[in-house]
1. Check every one of the strands (runs of 3 or more DSSP E) wholly within the range 1-106 and list those with 3 or more residues that are touching a residue at least 24 places away in the same chain (Cβ under 8 Å) and either surrounded by 17 or more Cβ atoms within 10 Å (Cβ to Cβ) or among the small types (Gly, Ala, Ser) (or both).
2. Sort out which residues of the range 30-62 are aliphatic (A, V, I, L, M) and out of contact with any Lys or Arg (no Cβ under 6 Å at 6 or more places or on another chain), and write them in order of number.
3. Hey, can you tell me all the residues within the range 1-46 that are more than 12 Å from the chain's Cα centre (by Cα) and closer than 23 Å to residue 79 by Cα?
Amino acid sequence: MAPLRARPIPARTCVACRTTRPKRELVRIVRTPAGRVMEDPSGRLAGRGAYVCVGGSCRETALEKGALARALSVSIPAGDRAKLMAAASRTLAQLTMNDEGDDRGKE
């Protein structure tokens, strides 16, 4: 019987900082077939996708410098831009809560 091989971990590149990271460490932003731009936490929505780092300022940088608009081949309306920034705040808050929860059992 052959030894089990480790499954390859998919890697993606952040459109803002251009670093390659495992897919789980990035957030997918998608342009839907209807033309809306939104966060895709599941990574399965239909449409053209681009990835940004979960933490830090990559999402803001990608929006300000137009890297996200270039990657998605669309101009991002102000309403969608505001929703993306609000989603970034929620994601960052969830990460902070998860990190605080990890320290509880280590005392």
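Every read-out reported here was derived from the displayed coordinates using simple, explicitly stated rules and does not represent laboratory data. As the structure is a prediction and not an experimental result, all values here were calculated from the model. Note: ideal-geometry Cβ built from the backbone for every residue, glycine included; neighbour counts use all protein chains shown.
1. Those strands (runs of 3 or more DSSP E) span 26-31, 48-53.
2. Within the range 30-62, 30, 34, 38, 45, 46, 50, 54, 62 meet the criteria.
3. Those that are more than 12 Å from the chain's Cα centre (by Cα) and closer than 23 Å to residue 79 by Cα: 31, 32, 33, 34, 35, 36, 37, 44, 45, 46.
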